[in-house]
Amino acid sequence: MRPRLAVVLMCILAVPSVVAQAAKSDFFKTSDGVRIHYLEAGSGRPIVFIPGWTMPAWIWQKQIDEFSKKYHVIAVDPRSQGESDQPTSGHLPETRSRDYKELVDHLGLKQPVLVGWSMACGELVKYAEQFGTDGIGGLVLVDGFLSDKPSPEMFAAISGWMNQLQQDRQKQAAGFVRSMFKKPQPDDYVQRIVDASVQVPADTAVVLIYNMITVKDFSPGLARMNRPVLFAYQPESQPTADFLKSKLGDKLRLERFDGDGHALFVDDPEKFNRVLEAFVQSLHK
């Protein structure tokens with residue numbers, strides 16, 4: 001019995017650790033003097049998670065917990081979001097994407113996989129346009145809106161939304177956050193996200209939306225993407241999937257999440273994590 005127990009113990013000890021690493025909180029300063037906050041955990045190939053409009057880094061918690069078991073995970077608070085500084089300028093997609101490149105350089109990340117959700121999809125296209133993609137392993141775009149030409153109807157709808165945002169920030173944030181999910185989420189979790197969203201000044205939140213919808217052409221950035229790209233999306237974003245396929249061809253992999261909301265990595269973290277793991281494993285080291 002004892003020899004058998006010894007063998008079992010040896011087998012257990014020989015198995016690599018698959019325990020999630022506790023994330024540490026840190027900051028770095030950008031070239032224009034803005035302190036950017038990020039969470040960091042694990043070791044191995046780096047994966048950088050970038051949240052969407054007004055969202056905090058910790059919204060990726062279920063990905064941080066899972067991927068820190070075998071990867072070097074970084075989740076960033078974009079400027080004016082989460083615990084990062086709130087400057088009065090620099091909220092263009094070009095500037096925010098420069099922040100991400102400077103974070104990659106600051107941490108010395110080699111061939112990171114960059115994962116951007118919602119507004120961050122456009123910012124990662126701007127990243128590619130400015131810096132190319134030779135230095136990264138792959139790009140994951142999560143349910144963002146990208147197109148050749150936004151429709152007049154979309155401009156009208158977003159204009160009304162921006163007005164509501166400035167009239168009643170709390171009400172707008174609560175409605176927006178609840179609309180991100182198709183699956184039930186705990187009330188205290190939803191409230192935490194609402195509280196994080198409203199920390200972004202209303203004028204800054206409006207400027208971020210305006211700067212996003214006034215990008216006239218994503219083609220230069222898409223043309224510079226020479227690494228594999230994954231677009232994970234829910235059904236309402238099918239037009240973006242079609243647009244990306246027309247621009248990227250075989251470089252693009254599509255994964256549709258039927259029955260999930262805009263925050264599909266929260267609604268169905270198990271599926272999202274499987275899809276992301278498969279994508280990362282498929283990349284050349």
What is the number of the single condition among (1) within 21 Å of Leu264 (Cβ to Cβ); (2) basic (Lys, Arg); (3) touching a residue at least 24 places away in the same chain (Cβ under 8 Å) that Arg224 does not meet? (1)
How many of the residues in the range 32-54 are outside any strand (DSSP E or B), within 21 Å of Pro87 (Cβ to Cβ) and in contact with a helix residue (DSSP H, G or I) (Cβ under 9 Å, 6 or more places away or on another chain)? 6
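Restricting attention to the range 246-274, and to residues there that are hydrophobic (A, V, I, L, M, F, W, C) and more than 15 Å from the chain's Cα centre (by Cα), which single residue is nearest to Val113 (Cα to Cα)? Outline the logic, then answer.
Our first condition is that a residue be hydrophobic (A, V, I, L, M, F, W, C); within the range 246-274, this holds for 248, 252, 254, 257, 263-266, 272.
Checking the rest, the ones that are also more than 15 Å from the chain's Cα centre (by Cα) come to 248, 252, 254, 257.
On the way: Leu248: 18, Leu252: 15, Leu254: 16, Phe257: 21 Å.
The qualifying residue nearest to Val113 (Cα to Cα) is Leu252.
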Over the range 205-225, the set of residues at pLDDT 95 or above and either β-branched (Val, Ile, Thr) or part of a loop (DSSP other than H, G, I, E, B) (or both) is Arg224, Met225
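Can you tell me which residue among Thr88, Thr95 is open to solvent by 60 Å² or more (accessible area, probe 1.4 Å) and polar (S, T, N, Q)?
Numbers: Thr95 fails: open to solvent by 60 Å² or more (accessible area, probe 1.4 Å).
Just a single option satisfies the conditions, and that option is Thr88.
Against the definition (within 28 Å of Lys251 (Cα to Cα) and open to solvent by less than 10 Å² (accessible area, probe 1.4 Å)), how does Ala128 come out, yes or no? So that I can check it myself, show each step before the final result.
On the way: within 28 Å of Lys251 (Cα to Cα): yes; open to solvent by less than 10 Å² (accessible area, probe 1.4 Å): yes.
So Ala128 fits the description; yes.
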In the range 228-285, which helices (runs of 4 or more DSSP H) lie fully inside it and hold 2 or more residues that are more than 16 Å from Ile64 (Cα to Cα) and open to solvent by less than 90 Å² (accessible area, probe 1.4 Å)? 238-248, 269-282
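Select from the range 167-178 the residues that are over 18 Å from the mean Cα position of the chain (by Cα) and either outside any loop (DSSP other than H, G, I, E, B) or within 28 Å of Phe257 (Cα to Cα) (or both) and list them in ascending order. Give the steps one after another, and end with the answer.
Applying the first criterion (over 18 Å from the mean Cα position of the chain (by Cα)) to the range 167-178 yields 167-175, 178.
Once the filter is applied, which keeps residues that are over 18 Å from the mean Cα position of the chain (by Cα) and either outside any loop (DSSP other than H, G, I, E, B) or within 28 Å of Phe257 (Cα to Cα) (or both), the range 167-178 yields Gln167, Arg169, Gln170, Lys171, Gln172, Ala173, Ala174, Gly175, Arg178.
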In the range 29-75, how many are surrounded by fewer than 24 Cβ atoms within 10 Å (Cβ to Cβ), in contact (Cβ under 8 Å) with a residue 60 or more places away in the chain, among the polar types (S, T, N, Q) and under 22 Å from Ile193 (Cα atoms)? 1
Residue pairs within 7 Å by beta carbon, gap of at least six or interchain, first lying in the range 247-270 and within 12 Å of Glu236 (Cβ to Cβ), second open to solvent by less than 60 Å² (accessible area, probe 1.4 Å) and assigned to a helix (DSSP H, G or I), listed first then second, are Arg256/Pro235; Phe257/Leu264; Phe257/Lys271; Asp258/Pro235; Asp260/Asp267; Gly261/Asp267; Leu264/Phe272
Test Lys101 against the stated conditions and say whether it is open to solvent by 30 Å² or more (accessible area, probe 1.4 Å), under 15 Å from the mean Cα position of the chain (by Cα) and touching a residue at least 12 places away in the same chain (Cβ under 8 Å). yes
Take the residues of the range 131-157 that are touching a residue at least 40 places away in the same chain (Cβ under 8 Å) and polar (S, T, N, Q): which is surrounded by the most Cβ atoms within 10 Å (Cβ to Cβ)? Thr133
Of the numbered conditions (1) at pLDDT below 90; (2) open to solvent by less than 20 Å² (accessible area, probe 1.4 Å); (3) among the hydroxyl-bearing types (Ser, Thr, Tyr), Ser197 fails exactly one; give the number of that condition. (1)
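The values are calculated or read from the model by the stated rules, or taken from the named source; none is laboratory data. Note that the structure is a prediction, hence the values are computed from the model and not measured. Counting neighbours? That spans all protein chains shown, and the Cβs are built from the backbone with ideal geometry, glycine included. Note: accessible area is taken over every heavy atom of the protein model, side chains too, but ligands, DNA and RNA are not part of it. Shrake-Rupley method; radii C 1.70, N 1.55, O 1.52, S 1.80 Å.
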